[in-house]
Structures are given as C-alpha cells and as structure tokens.
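First comes the structure, then the notes that go with it.
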Amino acid sequence: MWKIIVVILIAGVGYLNYTNPTIDDHRDFLLEEMGIGYSIPDDVYDQIWADVDFSSFFVASFMKTSEDSTMITSGYLNSLKLVNKKWLEKKKALIEKQMNGF
C-alpha cells in the first residue's frame, strides 16, 4: 500500500514540475500585460529584463526585482499571476519613452 502512495506522490510532484511556468512564460505574460502591440528592439528588450531575477522552486516559479527582491509575477500549474502592477507600469512607461525617441 505504501508503494502506491509513494508512486502517487512522485507522480504528483512530477506533474507540478512539468506544469511549472518557465522564464519565457513569465516574460511573455508580462509583455502581454503591458499591452504593447509592436515589436520591441533587442536593446530595449534587454533593458526590461536587466534588473529582474527568475526563481524556480520545482513546483512554482517567481519573477522578482534584483535590487530589493520585490515579487513581480508568480506561477503555478501553468497559470501566472501579476503581483506588482507598479513595476509593470514603470517598465511600460520606459518602453514607450524609448520607442518615441525621448
């Protein structure tokens, strides 16, 4: 009986790991939340993610700022949640400013 329980637990953890969002999932989600309908140049794209860290804890993943570790997004079971709307608005303003040549 305990072997069945162990197999079920291993399968459950394996499924959680399989559905854990990747860094690309977090980035795509944030860009979609910004609502930018045009292509971003590579240098601007790199600036967006320069101060961002990604952490994956096997069953959940998080994107946070490098400076003060403020969480930006959290991910679990292929779903992502925006936690820090101020960061998103700040980065969107930066992108629009750079795209307009200011």
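Out of region 1-48, which residues are aromatic (Phe, Trp, Tyr), out of contact with any strand residue (DSSP E or B) (no Cβ under 8 Å at 6 or more places or on another chain) and at pLDDT 90 or above? Outline the logic, then answer.
Of the residues in region 1-48, the ones aromatic (Phe, Trp, Tyr) are 2, 15, 18, 29, 38, 45.
Now restrict to residues that are out of contact with any strand residue (DSSP E or B) (no Cβ under 8 Å at 6 or more places or on another chain): 2, 15, 18, 38, 45.
Trp2, Tyr15, Tyr18, listed by residue number.
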- request: Give me a count of the residues in region 58-90 that are aromatic (Phe, Trp, Tyr) and touching a residue at least 24 places away in the same chain (Cβ under 8 Å).
  value: 2
- prompt: Does Lys91 satisfy the condition of being surrounded by fewer than 15 Cβ atoms within 10 Å (Cβ to Cβ), out of contact with any His (no Cβ under 9 Å at 6 or more places or on another chain) and of a type in the set (Lys, Arg)?
  reply: no
message: Need pairs with beta-carbon distance below 7 Å; first residue closer than 20 Å to Val83 by Cβ and surrounded by fewer than 13 Cβ atoms within 10 Å (Cβ to Cβ) and within region 28-40, second basic (Lys, Arg) and at pLDDT below 80; sequence gap 6+ or separate chains.
response: none
- request: Go through region 72-86 residue by residue and tally those that are out of contact with any helix residue (DSSP H, G or I) (no Cβ under 9 Å at 6 or more places or on another chain) and among the hydrophobic types (A, V, I, L, M, F, W, C).
  value: 1
- request: Among the residues of region 74-93, count how many are under 12 Å from the mean Cα position of the chain (by Cα) and under 13 Å from Trp49 (Cα atoms).
  value: 1
field: Candidate set: region 72-83, residues that are in contact with a Ser or Thr (Cβ under 8 Å, 6 or more places away or on another chain) and surrounded by fewer than 16 Cβ atoms within 10 Å (Cβ to Cβ); chosen: the one farthest from Ser39 (Cα to Cα)
entry: Leu77
- prompt: Hey, among Asp53, Asp46, Asp68, Asp24, which residue is exposed (fewer than 14 other Cβ atoms within 10 Å of the Cβ) and outside any helix (DSSP H, G or I)?
  reply: Asp68
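The values are calculated or read from the model by the stated rules, or taken from the named source; none is laboratory data. All values derive from a computational prediction rather than experimental measurement. Neighbour counts are summed over all protein chains in view; Cβ atoms, including those assigned to glycine, are modelled from backbone coordinates with ideal geometry.
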